[in-house]
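The values are calculated or read from the model by the stated rules, or taken from the named source; none is laboratory data. Bear in mind that the values here come from a model prediction, so they are computed numbers and not experimental data. Glycine also receives a Cβ, built like all others from the backbone with ideal geometry; neighbour counts cover every protein chain displayed.
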Amino acid sequence: MGHRIFSWVFSCALAFAVLQVPTAALAQEVRPLAKAQTLYLPIYSHMLYGNLGKSGKASFVLLSALVSIRNTDGKRPLRVLSAKYFDTHGKQLGERVPTPVLVPPYGTLELFVELNDASGGSGANFIIKWEADQPINPPLVESLHANMDGGKAVIFMTQSVPLAE
């Protein structure tokens, strides 16, 4: 019984410590206004873990990904022009925004990669293009990755970076 309590307390303390690091690491400076951007967003349709062992292969867990494109400007809309999905090898798998989508001030456009879609691999990504009629606060573009099967949960986030045009 004592071992279970120690394990639970250790797990909770470790989880708390792990959750504290990203909070500080994600603190950002105020970003300059922009009229358009191309963003790179890393996506993991599965995650490798464990040891290679005798088989020479690591284990993997499938992940779903909720992509969130959040308009952080309180006064002006933005248009998401495209969201191209690429696999680990750079092959385009699809276009998730085939026609431009207007995102109102403080609005959010969500895209979803299903848990059973492992086509992207661990190095998948979205290339997202957006524009506005005049310079605005750039959107916050993140992806929440999750798998909650079998009594275990894997949950983490990735954030986009702007690409030079």
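In the stretch 100-112, the residue that is nearest to Leu81 (Cα to Cα) out of those that are free of Cβ contacts under 8 Å to residues at least 40 places away in the same chain and among the aliphatic types (A, V, I, L, M) is Val101. The criterion of being hydrophobic (A, V, I, L, M, F, W, C), surrounded by 15 or more Cβ atoms within 10 Å (Cβ to Cβ) and in a loop (DSSP other than H, G, I, E, B) does not hold for Leu111. The set of residues in the stretch 124-158 being at pLDDT 95 or above and part of a loop (DSSP other than H, G, I, E, B) consists of Asn137, Pro138, Pro139. Scanning the stretch 71-92 for residues that are in contact with a strand residue (DSSP E or B) (Cβ under 7 Å, 6 or more places away or on another chain) and farther than 15 Å from Leu140 by Cα yields Leu81, Ser82, Lys84, Tyr85, Phe86, Asp87, Thr88, Gln92.
Scanning the stretch 34-60 for residues that are under 16 Å from the mean Cα position of the chain (by Cα), under 21 Å from Asn147 (Cβ atoms) and not aromatic (Phe, Trp, Tyr) yields Leu41, Pro42, Ile43, Ser45, His46, Met47.
The set of residues in the stretch 93-105 being in contact with a strand residue (DSSP E or B) (Cβ under 8 Å, 6 or more places away or on another chain) and under 12 Å from Ile136 (Cβ atoms) consists of Val103 alone. Assess whether Leu52 counts as being out of contact with any strand residue (DSSP E or B) (no Cβ under 6 Å at 6 or more places or on another chain), surrounded by 10 or more Cβ atoms within 10 Å (Cβ to Cβ) and modelled with pLDDT of 80 or more. So Leu52 passes the test. Taking every residue in the stretch 113-137 that is over 17 Å from Val67 (Cβ atoms) and pairing it with any residue that is polar (S, T, N, Q), at least 6 positions away or on another chain, the pairs with Cβ-Cβ distances below 6 Å are Asn137/Thr72.
Pairs meeting the criteria (first residue in the stretch 40-62 and over 23 Å from Glu142 (Cα atoms), second residue loosely packed, with under 11 Cβ neighbours inside 10 Å and of a type outside the set (Gly, Ala, Ser), beta carbons under 8 Å, at least 6 apart or on different chains) are Ala58/Tyr49; Ala58/Asn51; Ala58/Leu52; Ser59/Tyr49.
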